[in-house]
Amino acid sequence: MTINFEKNGTTLTAKPEGRLDSANSPGFEERLEPEMAGMTQVIIDLEKVEYVSSGGLRVLLGAQKEMEDRGGTMKVIHVNPQIMQIFDMVGFLDILTVE
């Protein structure tokens, strides 16, 4: 999995590519956590993500909780219809800010 990170002041944008599944989500989490240090806003851009499994959902939920604990914000952008349906089914649309 390829992940591009962009920082603009205290805003981090993470752009994973491919699948956020049980094989790739631990690596995404491992790379995302240190990048979040000192950030007040995290944007997860899923434009190039084709699938999110329960492992990927766990990473997103963990990042959301981490940002809330720090008094920051997180949003998820460019979610394709299939992933949006998964977010809806598991109740993530009530937990995450999705644009």
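The values are calculated or read from the model by the stated rules, or taken from the named source; none is laboratory data. Please read these numbers as outputs of a predicted model, since none were measured by experiment. Please note: Cβ atoms are built from the backbone with ideal geometry, for glycine as well, and neighbour counts cover all protein chains shown. To get the accessible areas, we keep the full protein, side chains included, count just its heavy atoms, and leave off ligands, DNA and RNA. Shrake-Rupley method; radii C 1.70, N 1.55, O 1.52, S 1.80 Å.
Any chance you could list the semi-axes, whole Å, largest first, of the equivalent ellipsoid that the Cα gyration tensor gives for the chain, using √(5λ)? Could the numbers behind the result be given before it?
Details: eigenvalues 73, 46, 30 Å².
Working through the eigenvalues yields semi-axes of 19, 15, 12 Å.
In the P(r) worked out for the range 13-70, what percent of Cα pairs fall beyond 16 Å? Please report the intermediate quantities before stating the final value.
On the way: 604 of 1653 pairs.
Roughly 37 percent, once rounded to a whole number.
Which percent, nearest 5, of DSSP beta bridges in the chain are antiparallel? Don't skip to the answer; put the middle values down first.
Numbers: 7 of 22 bridges.
Counting only bridges with both partners in the chain, antiparallel ones make up about 30 percent.
Considering the chain as a Gaussian network with a 10 Å cut-off on Cα pairs, which listed residue, G56, G18, G71, attains the greatest mean-square fluctuation?
G71
How far apart, in nm, are two points set 7 Å out from the Cα along the Cα-to-Cβ line at K65 and at Q85?
Here the answer is 2.9 nm between the modelled labels.
Taking the Cα centre as origin and putting +1 on Lys and Arg beta-carbons and -1 on Asp and Glu beta-carbons, what dipole magnitude results for the chain, to the nearest 20 debye?
On the way: 9 positive and 16 negative charges, 17 e Å.
That gives a dipole near 80 debye.
For the pair S22/Y51, report the inter-label distance in nm, with labels modelled 7 Å from Cα in the Cβ direction.
It works out to 1.2 nm between the two label points.
Mind checking the per residue accessible area of the chain for me, 1.4 Å probe, whole number of Å²?
Working: 5340 Å² over 99 residues.
For the chain, the solvent-accessible area averages 54 Å² per residue.
State, to one decimal in nm, how far the label point of K7 lies from the label point of L93, with both points 7 Å from Cα in the Cβ direction.
Spacing of the two 7 Å Cα→Cβ label points: 3.5 nm.
Over the chain, how many pairs of lysines fall under 18 Å by alpha carbon, counting only those 8 or more apart in sequence or from different chains? Don't skip to the end; give the middle numbers.
Details: K7/K15; K7/K75; K15/K48; K15/K75; K48/K75; K65/K75.
Taking the Cα cut-off of 18 Å, the pair count is 6.
Calculate what fraction, in whole %, of the accessible area of the chain sits on carbon and sulfur atoms when a 1.4 Å probe is rolled over the protein chains.
On the way: 2490 of 5340 Å².
Looking at the chain in its full context, I get 47 percent from C and S.
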